[in-house]
Each structure stands twice: as structure tokens, then as C-alpha cells.
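Written out below as C-alpha cells is the structure these notes cover.
We did not get these values from a lab; they are worked out from the coordinates using the rules stated. Because the structure is a prediction, the values reported are computed rather than measured. Using ideal geometry, Cβ is built from the backbone for each residue, glycine included, and neighbour counts are taken over all protein chains shown.
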């Protein structure tokens, strides 16, 4: 029964990495956690593929390298949408249209605002390539904001900006105007709370978990969850094992552990504010759910806990489409 429900859902995974620079083909059923054969087997209708830029030094050479990598990765992601049976979908309507047509939707995203290399004009280029969200930081502070996990090897202290920098505040304003969602996964609590207060559109955490269940700096505490709810935001539960249970290996957690975090967030801030972002091909994966082809197992676990088809539709895609549409309306009004 749960599998029949799963087949009717528009399943959107809000955060997946791509192998770089020379990963296995997207069209082959190979070692990637997410490729076309696996998403088809797993009933996954759309995925946000992230151009991940590791935090490097913020000198002229480092900034140029970050910008170049980001644009090259986005070109690769857009090319994935040209595969047979796939399409790049850069609006909520386009994602739904792809699903109705039986096509897999590729949604471009950027992970780590250091990709801008300090140049906010690049946000316009990202938007032109279909980017729907940008994660403000990764591990290590950058020119926009403080990160949840500083990088001592890059000279980071506990804080650099006290949250958002002036450039980071300007970036949020420009992202709002362009319809690019602000992703606060990896961000320090100060950064996240300031972003929620500043943004004119809902904030998302595309791949994070509940700190009440796993005390890890990458996770969101109750105050942060409440702020997300109050701003109409969205927390996409991820499946990096150490974020699900402190110190756990992938073999030590499973879909039940993921569902525990869904339960907690839905119970505290409501079913309209929770979803799934696996972080597949970027460290995500638990026992029994190590690739996109195994996605129905999580739906079955959630259904066994009493989530009906309406609730499952919200968790698996409806909530993400909601925040995309708010961002799109803000862009049109700008």
C-alpha cells in the first residue's frame, strides 16, 4: 500500500552533490547514489543538484578558482537535464509539469556562497543558469557569513562577522530579488537567525537535522526551528549519519532514525515545515537507504507512523514547492 502511495507522489530531494570533476555518467546505473536509473527505480521525480564549492582562501586566486568551479559545475548540472527523460526545471510549475510528463526534473543549486568570489553580480549569472537556492556557507567562514563549523586550517576563530557580514546582507537582498532561496544549512546559529529576520522570502535548511535529537553544530536547535516556522521556512531532514545520531556510522542508523527527526520537526513546528534532503553523493546514506533506488523504504516507514498521503506529499515535495513559489512571487514583484 505504501509503495502505491509513493508512486503517486512528486518526490523532490532538495540536496544531492555531483561527483567532480570526472564522476561516473549520470545516465548509467553505476556507483553514484543518484543517477537516472536509480531515480526511476526509486520513484524520485526531482532533485536539487548542488554545485559544491569547498571553502578555500579568499585571495584573488582563490576567489577566481571558486567562481570558475561554480560556473563549470552548473554547466554540468544543466547538461544533466539534457539527458533523455530529464529536463532542467527552474520553477515550481516546471517541476510539476515535468512530473506529469514522466520526466525527471534537474534543479540547479549552489552550495557555499564563497562561489561568488565576493562578487554579488555572479548571482545574476546563477539565476540565469536556473539556480533555485544558494547555501550561504559550508565548513569555514566566508565573505558572506559565519559557518557552524569554523576551519582552523584557514585561520577561522569562533566567529568572524558575528553572523552575516555587510556583503552577506546585501547578498540576501539580491537573492530575494532574483528568486533564489537562502539555504542556512552549514550556517552558524547567528547567521541563520539574522537571515531569517532579514529575508523577505522563507529560509530553507536543505540538508539539516534536529539538534534536540542529535547535538551536532550542523543541526538546528528548538529556537531555530521555531524561527523557521514563524517565517514560513522549511527544514529538510538529511541522512548524514553523524547528524542523525551523534558519532553514528551509516550502518548504525536507518530510515527509522530519519523518521524520528521528521517526527520531531513536524511535531514542534508543523507538517508544512519539514521535508527531505538526502545529501546523497555528499556523505548521506543510512542502512537500507544508500541510494535513490531505495527511496520507497522511507515512505513506507513514514506511512507506518501514521503519515497519510497528504502529509507525505508535503514532506516529499509539496512544502519545497511552496517556498519556491513564494520566492518566485517575490522575484516577479521586484
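If the range 59-148 were replaced by its equivalent ellipsoid, with semi-axes equal to the square roots of 5 times the Cα gyration tensor eigenvalues, what would those be, largest first, whole Å?
Values: eigenvalues 160, 35, 21 Å².
Taking √(5λ) for each Cα gyration eigenvalue gives 28, 13, 10 Å.
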Virtual spin-label span in nm between residue 120 and residue 305, 7 Å along Cα→Cβ: 4.0 nm
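Taking a quarter of the surface of the convex hull around the Cα atoms of the range 149-302, what do you get in nm²? Let's see the in-between values first.
Working: hull surface 38.2 nm².
Average projection, Cα convex hull of the range 149-302: 9.5 nm².
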Distance (nanometres) between label positions extended 7 Å along Cα→Cβ at residue 222 and residue 27: 5.3 nm
Residue 78-residue 65 pseudo-label distance in nm [points 7 Å out on the Cα-to-Cβ vector]: 2.5 nm
Net lengthening on full extension, residue 166/residue 325 (0.36 nm per residue, minus Cα-Cα): 54.5 nm
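When DSSP assigns beta bridges and you keep just the ones with both residues in the range 2-333, what percent turn out antiparallel, to the nearest 5?
Details: 4 of 33 bridges.
Once the DSSP bridges in the range 2-333 are tallied, antiparallel ones form about 10 percent.
Looking at the range 1-140, send over the antiparallel percent of its DSSP beta bridges, to the nearest 5. Could you put the intermediate results ahead of the total?
Numbers: 1 of 17 bridges.
If I count the DSSP bridges inside the range 1-140, around 5 percent turn out antiparallel.
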Calculated on alpha-carbon atoms, Rg and Dmax of the range 93-227 in Å: 15.4, 50
The range 1-115 shape via C-alpha gyration tensor axes, a/c threshold 1.5: prolate
Segments 139-145, 221-227, 197-203, 24-30 sorted - mean Cβ within 10 Å per residue, highest first: 139-145, 197-203, 221-227, 24-30
Part-to-part distance (alpha-carbon centres) for the range 124-150 and the range 1-47, which is given in Å: 24 Å
Computed over the chain: relative contact order in percent, which uses C-alpha pairs under 8 Å that are six or more apart: 19 percent
